[in-house]
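Asks: Next up is a structure, given as structure tokens.
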Amino acid sequence: MTFLIMTKLKKSSVLLIYTGGTIGMMQDVVTGELKPFDFKSLTKQIPELNKFDIDLSSISFKEPIDSSNMHPSVWIELVKIIKDNYKKHDGFVILHGSDTMSFTASALSFMLENLSKPVILTGSQLPIGIIRTDGKENLITAIEIAGAKEKNKPLVSEVCIYFEYKLYRGNRTFKYNSAHFDAFKSPNYPALAEAGVDIKYNKSALLKPSTKNLKTYSELDNDIAVLKLFPGISKKITSAIINSHGVKAIILETFGAGNATTETWFTNELKKAIDKGIIVLNITQCLEGRVIQGKYETSSHLKKLGVISGADMTFESAVTKLMFLLGQKLTTKEITKSLLKDLRGELTL
Ligand code: ASP
């Protein structure tokens, strides 16, 4: 006799975390300014949320913020919310302003180690109350992806951004357009999924779910300076940035494949900083491609000095990876080693 064993598929449970951003804003009738509104109004605006075959719970920040006011302390708060609710839910959706969404996604990717569940950030370019809003589709599909399972296990297990029909690895993205619905790009890594009639997952591009327990980090150090090069940059200003009081790491935004001026004063300033134990990380101003130190004479001197190649990391990933590593009070050698490593899919080796 054959028995048919039926395993009842458990309904997915998704936690929605509302931090603010345009998606939940309304227009002030007097000034015309966009200001955050009460989260309850958001669920009223999207009655479709009640129709989902997903158990949806939500947490809202008491004071929703425009993401231009985003801060590492908020990332720590978000990590705590996810940690405290990790066992109870199959996935997480964070509603966030698009302006700094890539920074938050990158930071969370480093602060949440061994993920086996999705953390999807989404938002919109137009407030949800406006007829042509992109917020409804973004939110509904983000929830669907956060609740998506295969063999009763979450399909996605990393920090992502879902925006305008595409799911991206969060730490590969940047906001490139403030006027189009299609606001994000991930030039050095393919989209993880595309939503059309069906949601098509690019399974080979997804990170594998971790079999270890979730490990969270709540120390970040923001003693970082950024030096964006341009032809004719002054010695005086460069020196002021490099020698800023308390700086522990400098992100050097270089030209092309990681190139910089070979003027002696510049090399000397960098050498002094590196000798003091300051980390200097080289990322390119180009939005696509990577740093290859030593390809040109104009980057060989950086390599010799001990400038670290940021490969194809975005600026957002470079900043947050440094904050994360500096926060762990590691030695310069250990930080260097980790910067060169692919920790969360943020760089191509
Ligand atoms: N200024 C808004 C924010 O980032 C823009 C948006 O939500 O798209 O919070």
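The values are calculated or read from the model by the stated rules, or taken from the named source; none is laboratory data. In this text the structure is predicted, and so the values were computed from the model without any measurement. Cβ: placed from backbone, ideal geometry, glycine included. Neighbour counts: every protein chain shown.
Asks: In the range 126-141, how many are in a loop (DSSP other than H, G, I, E, B) and within 15 Å of the ligand (Cβ to nearest atom)? Outline the logic, then answer.
Replies: First pass over the range 126-141, keeping only residues in a loop (DSSP other than H, G, I, E, B): 126-134.
Okay, now just the ones that are also within 15 Å of the ligand (Cβ to nearest atom), so 126-130, 132-134.
Total meeting the criteria: 8.
Asks: Quick one: which of K341, K329, K337 is closer than 27 Å to N114 by Cα and at pLDDT below 95? Show your work before the answer.
Replies: Values: K341 fails: at pLDDT below 95; K337 fails: at pLDDT below 95.
Within the list K341, K329, K337, the selection yields K329.
Asks: Mind telling me which of the residues G277, G256 ends up being more than 29 Å from I120 (Cα to Cα), free of Cβ contacts under 8 Å to residues at least 60 places away in the same chain and surrounded by 14 or more Cβ atoms within 10 Å (Cβ to Cβ)?
Replies: Values: G277 fails: surrounded by 14 or more Cβ atoms within 10 Å (Cβ to Cβ).
Selected residue: G256, the only one of G277, G256 that is more than 29 Å from I120 (Cα to Cα), free of Cβ contacts under 8 Å to residues at least 60 places away in the same chain and surrounded by 14 or more Cβ atoms within 10 Å (Cβ to Cβ).
Asks: In the range 182-200, which residues are within 12 Å of the ligand (Cβ to nearest atom) and either over 23 Å from S317 (Cα atoms) or surrounded by fewer than 18 Cβ atoms within 10 Å (Cβ to Cβ) (or both)? Please lay out each step first, then the result.
Replies: The first filter runs over the range 182-200 and keeps only residues within 12 Å of the ligand (Cβ to nearest atom), leaving 183-184.
Matches in the range 182-200: none.
Asks: Mind listing whichever residues of the range 231-254 are over 25 Å from T332 (Cα atoms) and hydrophobic (A, V, I, L, M, F, W, C)? Working first, answer last.
Replies: Restricting attention to the range 231-254, the residues satisfying the condition of being over 25 Å from T332 (Cα atoms) are 231-237.
Once the filter is applied, which keeps residues that are over 25 Å from T332 (Cα atoms) and hydrophobic (A, V, I, L, M, F, W, C), the range 231-254 yields I233, I237.
Asks: On to the next question. Go through the range 286-325 residue by residue and tally those that are closer than 30 Å to E219 by Cβ and charged (D, E, K, R).
Replies: Step one: list which residues in the range 286-325 are closer than 30 Å to E219 by Cβ, which gives 290-291, 293, 302, 305-325.
Next cut, charged (D, E, K, R) only: 290, 312, 316, 321.
Residues meeting the conditions: 4.
Asks: Could I ask something else about it? Suppose we filter the range 185-221 for residues that are part of a loop (DSSP other than H, G, I, E, B), modelled with pLDDT of 95 or more and among the acidic types (D, E); how many remain?
Replies: Qualifying residue count, the range 185-221: 2.
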